[in-house]
Amino acid sequence: MTRAYRKFLHTTGKLHPEGLFHIEGLQERVIALTIDDGPSPRTREILDLLRRHDSRATFFLHTDRLENHGGRKLVQHLVAAGNEIANHMPEDRPSILLSPVEFEVEFARAHDFLVGLGQSPRFFRAAGGFFHVERMLPSLRRLSY
């Protein structure tokens, strides 16, 4: 591990410890790039930037926004470019504030919408950034996340 990489891990770990995952012993350097809170008016610009740099990302989408930003066609375009689609709930309302029943309903609604677009989302990011294991994990497991 280079000195610069150790410094990056140290600094990032201090700023955002919840968002840094490091795996020792990989033979290949890998960075997992994720894009949250999409789609937005800038999604196509982000896609062009990724393409210019021969990169891909996982797009965590709020499904209620898809109708206003290209819907099925946008998702197909993202996937055709080698990106992954993931569940970020229907809307940007903090998931941690939802009751277990509300969470289950909203999570499943976003999941079903993505499945209806031909996707099989594997990853979830709680809207608002905070995850409650006991309240949320059972729903994720039921749908094989």
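The values are calculated or read from the model by the stated rules, or taken from the named source; none is laboratory data. This is a predicted model, so every value here is computed, not measured. All Cβ positions, glycine included, derive from the backbone under ideal geometry; neighbour counts span all protein chains shown. What goes into the accessible areas is simple: the full protein's heavy atoms, side chains included, and nothing from ligands, DNA or RNA. Shrake-Rupley method; radii C 1.70, N 1.55, O 1.52, S 1.80 Å.
Work out, step by step, the length gained on full extension between residue 5 and residue 48: first 0.36 nm times the residue separation, then minus their alpha carbon distance; give nm to one decimal.
Numbers: separation 43, 0.36 × 43 = 15.48 nm, distance 2.73 nm.
So the extension gain works out to 12.8 nm.
Any idea how far apart residue 40 and residue 68 come out in nm if each label point goes 7 Å out from Cα toward Cβ? Label-label distance for residue 40 and residue 68, simple model: 1.3 nm.
On the chain, 55 percent of the accessible area sits on carbon and sulfur atoms, based on a 1.4 Å probe. The label point for residue 79 and the one for residue 133, both projected 7 Å from the Cα toward the Cβ, are 3.3 nm apart.
Residues of the range 45-145: accessible area per residue at 1.4 Å, in Å²?
Working: 5630 Å² over 101 residues.
With all protein chains present, the range 45-145 gives 56 Å² per residue.
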